[in-house]
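Report on the following structure.
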């Protein structure tokens, strides 16, 4: 048996966003259990909070990466699709009060790690202008505001 935090931490270590099928598969894996996140015991719960923080950074970085590609790529629809998939997962993660609470606990416990979230937010905000699809842009802005709360 593998803990939720171990899976989330492993997912967050994948950094080759150009491999869209791999990213999509990791997001699918995350989707399989993200609605059932739970922990028992203080150490396990703090580990889950830290893993949620890492996954949030990973999702923000992936969205920023795809936004950057929108400027460079001729295949805008393919990049928008990948961005949309990442955005859907981040949105579902952030729209859960329980998940936001876990991230908030991690923010309080790991204040130094919160700078990674701030850097990812900054990079995403810088690249939002590349998003032409208004729905995607509004959803990205909503997620950014949820993280900043």
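Brief remarks follow.
- Qualifying positions in region 1-32 - surrounded by 15 or more Cβ atoms within 10 Å (Cβ to Cβ) and assigned to a loop (DSSP other than H, G, I, E, B): 17
- Of the criteria (1) in contact (Cβ under 8 Å) with a residue 60 or more places away in the chain; (2) farther than 23 Å from residue 140 by Cβ, which one residue 56 fails: (2)
- Residues in region 110-149 that are under 22 Å from residue 9 (Cα atoms) and outside any helix (DSSP H, G or I): 4 in all.
- Residue within region 35-51 that is under 12 Å from the mean Cα position of the chain (by Cα), under 25 Å from residue 141 (Cβ atoms) and touching a residue at least 24 places away in the same chain (Cβ under 8 Å) present: no
- Only one of the numbered conditions (1) farther than 19 Å from residue 36 by Cα; (2) over 14 Å from the mean Cα position of the chain (by Cα) is violated by residue 106, and that is (1).
- Inter-residue pairs, beta-carbon under 6 Å, first touching a residue at least 24 places away in the same chain (Cβ under 8 Å) and at positive phi and in region 78-105, second surrounded by fewer than 22 Cβ atoms within 10 Å (Cβ to Cβ) and assigned to a helix (DSSP H, G or I), 6+ apart: none
- Pick from region 33-43, criterion touching a helix residue (DSSP H, G or I) at 6+ places or on another chain (Cβ under 9 Å) and exposed (fewer than 14 other Cβ atoms within 10 Å of the Cβ), ranking: farthest from residue 91 (Cα to Cα): 38
- Filtered residues of region 54-91 (kept if modelled with pLDDT under 90, over 22 Å from residue 122 (Cβ atoms) and part of a helix (DSSP H, G or I)): 76, 77, 78
- Qualifying residue in region 116-137 (condition: under 14 Å from the mean Cα position of the chain (by Cα), within 22 Å of residue 30 (Cα to Cα) and surrounded by fewer than 17 Cβ atoms within 10 Å (Cβ to Cβ)): no
The values are calculated or read from the model by the stated rules, or taken from the named source; none is laboratory data. Quick caveat, the model's predicted, so the values are computed rather than measured. Please note: Cβ atoms are built from the backbone with ideal geometry, for glycine as well, and neighbour counts cover all protein chains shown.
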